[in-house]
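A.B. asks: I have a structure I would like to understand better, so I am pasting it below and will then ask my questions one at a time.
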Amino acid sequence: TLEVARGDDDIAALLKDGAQAIVQLADPYVLASYLYQVEAPDSGYPKTQAAIDYVLANPPPEDDGWALNLRGLIEQDEGNFDAAAATFRRARAMQGAPVSIVDSNLQVVLALLGRRADAHALVIEDTATADAPFNALIGGCRTLYWLGYAEEGRRLCDRAAASDPHSPDPSNWRALYAYDAGHYAAALRQAERARDLWPGGVFDYAPGVVFV
């Protein structure tokens, strides 16, 4: 039996608390991920942290890597890059962890720590095989853009586009690479392609929006 109680008469808040309690029982990681999206970054993410603790303390263990990846993102948001790097390394070792996603985040914090060579090496490791997953390819494409490895980064964008031709992300990053190289017409074409592929209503979040 699930019981949810409040010390006030706020029925709307009670219903919200009840819905979150149900989600936590059904899929604890989904609740943690939702709370991360809605909590204010300057709040310290207390509800998200509590939800992450719940995930780590309860089955299934396959969710632990996802939960630690989320904790690493919080530490990164708070500027605790060393802690974030350590958390991402713990996450990638967990059973069932989304390694390509975790490593993409780890690459970012390594770059933020000034460890360019380590970030570059991790990209190479994650994309070395011909069947590297899309998340590894597009993550590497993004990381190498910020690190300034243009030729390698463009090649990863091309591989990402071949891996998932319906994703707007490769075209978006191709636009940025082309723009930086002074190929403005090509940049515009890629940005327009990214816009055409992007889900309706969210294209404003794409870096390539500056070209259209």
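Computed from the coordinates by the stated procedures, all read-outs in this text should not be read as laboratory data. Computed from a predicted model, the values in this text were never measured in an experiment.
A.B. asks: Assuming 0.36 nm per residue, please report the length gained on full extension of the stretch ASN80 to ALA50 beyond their Cα-Cα distance.
C.D. replies: Here the answer is 8.9 nm.
A.B. asks: So, one more: Want the number for ASP131 to ALA150: 0.36 nm per residue separation, take away the alpha-carbon distance, what's left?
C.D. replies: Full-extension gain reported as 4.7 nm.
A.B. asks: Could you tell me what a quarter of the Cα convex hull surface of the range 97-159 works out to, in nm² with one decimal place?
C.D. replies: Spelled out: convex hull of the Cα atoms, projected over all directions, averaged, 3.7 nm².
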